[in-house]
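Scroll down for the structure; my scribbles are underneath it.
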Ligand SMILES: *Cc1c(COP(=O)(O)O)cnc(C)c1O
């Protein structure tokens, strides 16, 4: 039997009736744009993540775009981020006219490396107001770390660097809804650590809609007001525009679908962690740990911080393994085959192969295996057997 990489129809068998009833209520109201359904979901999302303010957006990408606009980041500015992420993280920086600055990632978690951020800032001189200037003369305004694959960056290091250099920090929490870890100051949840963050509700994310959707969250009420204006053409009163925004609104239908799914998120995330534990046992008992490096748990021994949006191993002879899994009908994917500093659209930034070696190595040997919550134990055994057949014959 083939093992799918992802299968939303299994989830729909459980959530279908509640989701369809929620959508039917929106149809009954015929209120499709903003209104109570969206604000109720925003409130529920604040309770879920601990965030003070949540502003529903048309996608995770648009949520990030709105945050960068609200931070006043634009032409002449630069934002430090990771090359090992989905394209949107850097694409939004470029779309507001700023320059993405890529620094390398940590070899175990593949999170942005705080030491690499420091090393880059050491190459900057200071503008008259103290803002770091890149060697090309752009003003470094912010750091955008990514909670990759559902595990939360060690944010205290990043926040401390930002504070020393006067930079904003905004978290890409697209893959990490419900993730968190214990700090000396309490439980830190993805999206509620830096002053602002964004989430994605792309259907395959841990909390996924029936189409595109996203959320911008923040701590400061004035910043939240600005985000609300920006998502609605910079309008503060009917047809009165104080700035140029966009149409970044979350649909009421998506808000209804997502709110109906919130009660399941914790058990889905638990199921993903259970699957990760089953993989660890299955690979260990089959003697595969010489061939695979399993995902690290950066905040271990704190349980439950990693939400396994993706389960990504580092695999010896990755491309051969990939072909063998494809032949065996085992779903898999590569996140990400080309780090962003080597994407054609960023060629003008001048990065060369070899510049960010940890990211480049990860792009050559990382492999995502099926991890979705409804995956069965026998399917996990099948995946492990197929990998064992490849390495051990
Ligand atoms: C999914 C994702 C996004 C973009 O979200 P969309 O809702 O698809 O626009 C941004 N960053 C990361 C890391 C993602 O995984």
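The values are calculated or read from the model by the stated rules, or taken from the named source; none is laboratory data. All figures in this text were calculated on a predicted structure; none of them were measured in a lab. Reconstructed Cβ throughout: ideal geometry from the backbone, glycine too, with neighbour counts over all protein chains shown.
Below, the figures for the structure above:
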read-out: Residue count for region 373-393, restricted to those that are under 20 Å from residue 315 (Cα atoms) and modelled with pLDDT of 95 or more; value: 13
read-out: Odd one out for residue 222, checked against (1) crowded, with 18+ Cβ neighbours inside 10 Å; (2) out of contact with any helix residue (DSSP H, G or I) (no Cβ under 9 Å at 6 or more places or on another chain); value: (1)
read-out: Test result for residue 86, surrounded by fewer than 21 Cβ atoms within 10 Å (Cβ to Cβ) and within 13 Å of the ligand (Cβ to nearest atom); value: yes
read-out: Filter result for residue 20 (more than 15 Å from the ligand (Cβ to nearest atom), under 30 Å from residue 220 (Cβ atoms) and part of a helix (DSSP H, G or I)); value: no
read-out: Hey, residue 25 in the same structural domain as residue 196 (by TED's automatic domain parsing), free of Cβ contacts under 8 Å to residues at least 12 places away in the same chain and either in a helix (DSSP H, G or I) or in contact with a helix residue (DSSP H, G or I) (Cβ under 9 Å, 6 or more places away or on another chain) (or both) or not; value: no
read-out: Search result, residues across region 50-83 that are within 21 Å of residue 201 (Cβ to Cβ) and away from the ligand (no atom under 16 Å from the Cβ); value: 50, 51, 52, 53, 70
read-out: Condition check for residue 47: within 16 Å of the ligand (Cβ to nearest atom), surrounded by fewer than 23 Cβ atoms within 10 Å (Cβ to Cβ), in the same structural domain as residue 208 (by TED's automatic domain parsing) and within 24 Å of residue 229 (Cα to Cα); value: no
read-out: Breaking point among (1) more than 30 Å from residue 98 (Cα to Cα); (2) in contact with a helix residue (DSSP H, G or I) (Cβ under 6 Å, 6 or more places away or on another chain); (3) assigned to a loop (DSSP other than H, G, I, E, B), for residue 282; value: (3)
read-out: Yes/no for residue 146 being within 16 Å of the ligand (Cβ to nearest atom), more than 19 Å from the chain's Cα centre (by Cα) and closer than 28 Å to residue 49 by Cα; value: no
read-out: Given (1) farther than 23 Å from residue 4 by Cα; (2) under 22 Å from the mean Cα position of the chain (by Cα); (3) in contact (Cβ under 8 Å) with a residue 60 or more places away in the chain, number of the condition residue 246 does not satisfy; value: (2)
read-out: The one condition in (1) over 23 Å from residue 178 (Cβ atoms); (2) buried (at least 23 other Cβ atoms within 10 Å of the Cβ); (3) within 16 Å of the ligand (Cβ to nearest atom) that residue 91 fails to fulfil; value: (2)
read-out: Strands (runs of 3 or more DSSP E) within region 172-252 that include 3 or more residues at pLDDT 95 or above and within 16 Å of the ligand (Cβ to nearest atom); value: 196-200, 214-218
